[in-house]
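K.L.:
Take a look at the following structure, please.
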Amino acid sequence: MALLVPILLALLLGCSRAGPERGITVRFLDRPDRNQAWADAIQAFQAAHPDIRVELVEGPSATNAREDLYATSLLAGDPIYDLVFMDIVWLPKFAAAGWLLPLDARLAAGEQADFLPGDLEGSRFRGRLYRVPMRTDAGLLFYRRDLLVARALAPPRTWEALVEEARALQAPPELWGYVFQGKQYEGLVVNFLELVWSAGGDVLDSQGRVILDQPEAIAALRWLRDAIVRHRITPPAVATYEEQDSANVFLQGRSLFLRNWPYVWALTAESPRVRGRVAITALPGRADAVGISALGGWGFGVSRFSRHPEAAWAFARYATSAEGQKRYALRAGTVPARRALLHDAELVARNPHYPVLAKVLERARPRPVHPKYAQISDILQHHVSAALVGRTEPQDALRAAARELRTLLASPRTP
Ligand code: GLC
């Protein structure tokens, strides 16, 4: 059934836009097209390449749900998606499975240096390039500047300070202290790991041993749970929030702080309740150490099963060019993955936080880089969520997660 869905979808799309189709159609899957940013990029590309039609298949908003759709199709050797628009965490799995064409010969080394180093690094697998970064991402703290200024408070530098300020200023349920992504999906893993890293812990140590049951990680999970039940700065409904749900609470003026990705900035300008009242800073850390954001981001790979790899590459090349990235970023409010664009006057004028973001990106950390990341994440999603909603104690949750991770990583089979 899962396999049939993309096939049916493609057939339907093909039929609904029927007509004399002479040229080639190149297809990829992404989240729904925010602000018509893809529609605009596709139109610009097609104007210069009238023989190639590019089709965006709009999928679910959660990254792991789209990953499943791609993986099901690619596992079957299905040629439906010519391009794979990939989250940085999918790459090792997709490359190891042999689903992607190497791109080293297509992107000159000199040009590769134009991309942000973390994004490029996350696009390689065993020394070869399989993805061209399109947009980068890093976790940021959005806050209500007006409310903090009114009480002469500075934005929090530690998670403890965030709790204090939230408790001092909040008035739930009209105004909560802090919202984040707490639903059982990849976003929860990101929020959890940022806290773990800030506490000095990690999932694996430098030797690849699982250290998730250590005190730092347990403290991080306890902090998340405490935010809801002890400090009561976070609504219990956070356990159902993806990025946009948490952003909506903030955009409606109902939260003092929000952890989210940079795209939310553009939305603050469109939201009368918070317009002109928001600022962005780096995520909090510990008293003696700055916070650490997860490195996210998206880019194009070319499917090994595409019947039109040249046409697919032509679009990927355009979309990831300086012009393509800027055009898309201006509409979608996302951040380009080419270094120079972080200093582009037009983009900076719209995104005054780019200097802060550039610093955050320098120390942003990748999630475990592993062909089994999807399974690692599934284990984390399950146990972190169980503790967040109070089904398990943080310590027990992470002990169980660590046990499962050890078994998973000891087994030689890749997915
Ligand atoms: C953003 C990030 C991506 C991450 C996802 C989690 O889309 O760019 O890397 O996996 O959020 O929800």
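K.L.:
If one computes the Cα centroid of region 146-214 and of region 93-138, what distance in Å separates the two points?
P.N.:
Value for the Cα centre distance between the two parts: 31 Å.
K.L.:
Right, next: How far apart, in nm, are two points set 7 Å out from the Cα along the Cα-to-Cβ line at E393 and at A113?
P.N.:
That separation, rounded to one decimal, is 5.5 nm.
K.L.:
Next question. Per residue of region 344-356, what does 6.51 cos²θ - 1.76 cosθ + 1.60 with θ = phi - 60° give for ³J(HN,Hα)? Whole Hz please, x for Gly and Pro, Karplus curve as stated.
P.N.:
5, 4, 5, 5, 5, 4, 7, 10, x, 8, 3, x, 5
K.L.:
Okay, next question. Using only helices, what value at 222 nm comes out for the chain when you add -39,500 (n - 2.57) per DSSP H run of length 4 or more and divide by the total residues, to the nearest 500 deg cm²/dmol? If you can, show how the numbers build up before the last one.
P.N.:
Numbers: 18 runs with 185 residues, N = 415.
Theoretical 222 nm ellipticity from helices: -13000 deg cm²/dmol.
K.L.:
Give me the count of lysine pairs in the chain whose alpha carbons sit under 24 angstrom apart, restricted to pairs 8 or more positions apart or on different chains. Let's see the in-between values first.
P.N.:
Details: K93/K183; K93/K372; K183/K372; K326/K359.
Pairs that pass both the separation and distance tests number 4.
K.L.:
So, one more: About its Cα centre, what dipole magnitude does region 160-300 give when the only charges are +1 on Lys and Arg Cβ and -1 on Asp and Glu Cβ, stated in debye to the nearest 20? Please list the in-between numbers first.
P.N.:
Numbers: 13 positive and 16 negative charges, 90 e Å.
The dipole magnitude comes to about 440 debye.
K.L.:
Something else: Under a 5 Å amide H to amide H cut-off, with H placed in plane at 1.01 Å, what residues pair with G285 once short-range neighbours are removed?
P.N.:
T158, W159, G291
K.L.:
Which length gain, in nm to one decimal place, applies between A358 and D78 when the Cα-Cα distance is subtracted from 0.36 nm times their residue separation? Please list the in-between numbers first.
P.N.:
Working: separation 280, 0.36 × 280 = 100.80 nm, distance 3.88 nm.
Working it through step by step, the gained length comes to 96.9 nm.
K.L.:
What list of ³J(HN,Hα) values in whole Hz, one per residue of region 235-240 in order, does the Karplus curve 6.51 cos²θ - 1.76 cosθ + 1.60 (θ = phi - 60°) give from phi, with Gly and Pro shown as x?
P.N.:
With the stated coefficients, region 235-240 comes to x, x, 4, 4, 5, 10 Hz.
K.L.:
A further question follows. From the backbone phi of region 80-92, what are the Karplus-calculated ³J(HN,Hα) couplings (6.51 cos²θ - 1.76 cosθ + 1.60, θ = phi - 60°) in whole Hz, Gly and Pro given as x?
P.N.:
Those phi angles translate into 4, 9, 6, 10, 10, 8, 10, 5, 4, 7, 7, 4, x Hz.
K.L.:
Sort 398-409, 217-228, 48-59, 345-356 for me by packing, meaning the mean count of neighbouring Cβ atoms within 10 Å per residue, highest on top.
P.N.:
Working: 398-409: 18.7, 217-228: 21.6, 48-59: 16.4, 345-356: 14.4.
So the peptides 398-409, 217-228, 48-59, 345-356, ranked by packing, come out 217-228, 398-409, 48-59, 345-356.
K.L.:
Find which of Y143, I52, L153 sits farthest along the positive direction of the dipole of the chain, computed with +1 on the beta-carbon of Lys and Arg, -1 on that of Asp and Glu, about the Cα centre.
P.N.:
L153
K.L.:
Collect residues whose amide H, placed 1.01 Å from N in the peptide plane, falls under 5 Å from the amide H of L29; neighbours closer than 5 in sequence don't count.
P.N.:
V57, F85
K.L.:
Regarding region 182-250, what's the average projected area of the Cα-atom convex hull, expressed in nm²?
P.N.:
Values: hull surface 20.0 nm².
Hull-based average projected area comes out at 5.0 nm².
K.L.:
Taking every pair of distinct Cα atoms and averaging 1/r, then inverting, what Kirkwood hydrodynamic radius in Å comes out for the chain? Walk me through the numbers on the way to the answer.
P.N.:
Working: mean 1/r = 0.0452 Å⁻¹.
Hydrodynamic radius (Kirkwood, Cα pairs) of the chain is 22.1 Å.
K.L.:
Let me ask something additional. With a cut-off of 8 Å between alpha carbons and a minimum separation of six or more residues, what is the relative contact order of the chain in percent? Walk me through the numbers on the way to the answer.
P.N.:
Numbers: 742 pairs, mean separation 104.2, N = 415.
Rounded, it is 25 percent for the chain.
K.L.:
What is region 271-385 by shape, rounded, prolate or oblate, if you read a ≥ b ≥ c off the alpha carbon gyration tensor as root eigenvalues and call it rounded for a/c under 1.5, prolate for a/b larger than b/c, and oblate otherwise? Present the calculation step by step, with values, prior to reporting the outcome.
P.N.:
Values: a/c = 2.05, a/b = 1.12, b/c = 1.83.
Cα axes put region 271-385 in the oblate bin.
Where a number appears in this text, it was derived from the coordinates with a stated rule and is not lab data. Remember, predicted model here, so these are calculated numbers, not experimental data. Ideal geometry is used to build each Cβ from the backbone, glycine not excepted, and the neighbour counts take in all protein chains shown.
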